[in-house]
């Protein structure tokens, strides 16, 4: 079963024991102690139990070829429901016994040569997990590689996150289950657990069950040989999350309590899973302005009482706005492609102030002797004098994995050796060996450092040549990977310290945080962005400029036959000024043919009578030739109405010439056709065309001679 799971794509294998073997227990039963509140593992068997677990995992690894990532010796160990004679295996262990077993297990795993982590404490709720792990001694906390909690009781999500962060450990929600077959209760738990705890993984307890709604699939499981399964809607609800939010995706913040958003940096997709617990449908408006560019449409899928992951019609993204309807008691997944930037925790455009443009409130708390000059992106940048009274203080919103990006222009030279000896660009140096970090000017190069132990990498290219240079410094708190990019290219990398870096009380722009003499930058800084994770190389390039913005356009209404002219306008704030190119990726027939002027954005379309009455969508794309080239898309809905039928009046025959007056709407071409034989419809001949007419007008048939009778009709074109 394990080998099949791995072959089908399972990339995390976890081993756990509900109980030690019966002969190691106090009660002589794997169902629990006699009262459920006392430890059921005999203390003299603690190391034997750890050795037993190591042996089993070692044999499975060596003999069966299944590699385990983590293992735990316990399951809900502080629960009081593991009572002798119960129907499920379980073992109460208080925190002190957990600590001893974890240390014994670490020793035995190391002796077995296994590279496998230990997770703890797998308690039933967040607070019990916090209480257990917090009580471990320093060796026990070091032995634990992963903090894992169940959320049958979700009672302290922020506390769980704080514990894991303080220990520098990743954390998972490793178990949850409920009896709601609709999956809506589970969907709410997934959303709340991930958004409130920041957990890197979320696991449901069982796929198949005979207890009604507990499983994704139902089977009696009674030994009868019945292999028939029925699917609960919960199966499809889980699919709405797990099929789209894959390992490696980055959870990002979203401004409502019903949506879980994740960025896939590899495939450049933005995934939104939105739920509606209520019996009323409603629409939600997602603003995508934090991204440099996105595709023009969102694909959608929905599960409800009558739908099982059904695909939806594509939704149009207009002016970086996506409006989606959430049906009653449903879960909807939206996938937006071609997303080439991510949401920073703090963003300082430096357009005349040092305020945070993300809306997260990380505005500068101190700004002293900073002036604003012509910028690299936008109109302005912040200029620092290099004197001890010229700097800005911003909140430290970074502590674990992060990326810092900015533009810098300087001719100064910084100190050498460690980053803290240089001149501060975006810096959090704290005196002494502690958990700090900073991006600075070291000599003539960019320098990036992580503290405790102090580790600095520097760029191979000089950045003090008086030209603008883009810097990106990123660090993975779990692996210690440090990377430094200059102008979009990787120039230095190493493995540095791991764990949380929370020593800086704040960060400084233009100065070493500690205010060391010689640590103040004489130079200009623009567009500082602080991200809560390492970015991919493509994403780093995407932070080097802004995508163009389109001026909104009202949706027009026009008569068929008239020519629609739309003047599109856009702005790209990067300097030097970028060239904008316009295109139509999708448009109704005729609009694509006539197209859009690629230089000035003027769109021309003359809808035909066959295209009326109807509403037509035209997607306009503008692309700026920056590095990388970024685009913006806007959709315009054009309502095409049918023109009125022509009205003929005042027929007259004078001097052998026939004339009449034609009235109707202006715009279409009025084509007068004539024939002498109504029985043959192929004999109609055009005798007059008034292109883009402005009725009323008079028609005189100058071609009519020597006839006894002639018939006329009016055709509107195109």
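Read the figures in this text as sums done on the coordinates, not as results from a lab. Predicted model only: the values in this text are computed from it and were never measured. Note that each Cβ is placed from the backbone with ideal geometry, even for glycine, and that neighbours are counted across all protein chains shown.
By counting other Cβ atoms within 10 Å of each Cβ, how are 178, 104 ranked from fewest to most?
By the 10 Å Cβ count, ascending, the order reads 178, 104.
Quick one: angle between helix 233-242 and the longest Cα principal axis of the chain, in degrees between 0 and 90, rounded to 10, please.
Value to nearest ten degrees: 90.
Could you tell me the center-to-center distance, by alpha carbons, between the stretch 343-359 and the stretch 605-646 in angstrom?
One Cα centre to the other: 35 Å.
Take every Cα-Cα pair in the stretch 598-714 and report what % of them are more than 26 Å apart.
45 percent
Would you mind calculating the gained length between residue 37 and residue 641 on full extension (0.36 nm times residue separation, minus the Cα-Cα distance), in nm to one decimal?
Full extension of this stretch gives 209.7 nm more.
For a quick protection proxy, order the peptides 314-320, 435-441 by their average other-Cβ count within 10 Å, most packed first.
My ranking of the peptides, most packed first, is 435-441, 314-320.
Direction-averaged shadow area of the convex hull around the Cα atoms of the stretch 660-718, nm²?
4.3 nm²
Which order do 249, 91 fall in if you start with the one that has the fewest other Cβ atoms within 10 Å?
In increasing order of surrounding Cβ atoms, one gets 249, 91.
Taking the Cα atoms of the stretch 2-175, report the difference between the largest and smallest coordinate on each principal axis, in whole Å and largest first.
41, 39, 31
Once the Cβ-Cβ distance between residue 62 and residue 323 is put in as r, and R0 is 60 Å, what FRET efficiency do you end up with, to the nearest 0.05?
0.60
Could you sort the peptides 2-9, 216-223, 399-406, 711-718 by per-residue average Cβ neighbour count (10 Å cutoff), highest mean leading?
399-406, 711-718, 216-223, 2-9
Going by average Cβ neighbours within 10 Å, how do the peptides 687-693, 647-653 rank, with the highest at the top?
Answer by packing, highest mean first, reads 687-693, 647-653.
Over every pair of different alpha-carbon atoms in the chain, take the mean of 1/r and invert it; report that Kirkwood radius in Å.
It is 30.6 Å.
For the stretch 351-534, just the Cα set please: Rg and Dmax, both in angstrom.
When restricted to the Cα atoms of the stretch 351-534, Rg and Dmax are 14.5, 40 Å.
Post the alpha-carbon centroid distance, the stretch 235-256 to the stretch 473-535, in whole angstrom.
30 Å
Contact order normalised by length for the chain, with contacts defined as Cα pairs under 8 Å and 6 or more residues apart; what percent is it?
7 percent
Sorting 710, 508, 529, 100 on the 10 Å Cβ count, fewest up front, what's the list?
710, 100, 529, 508
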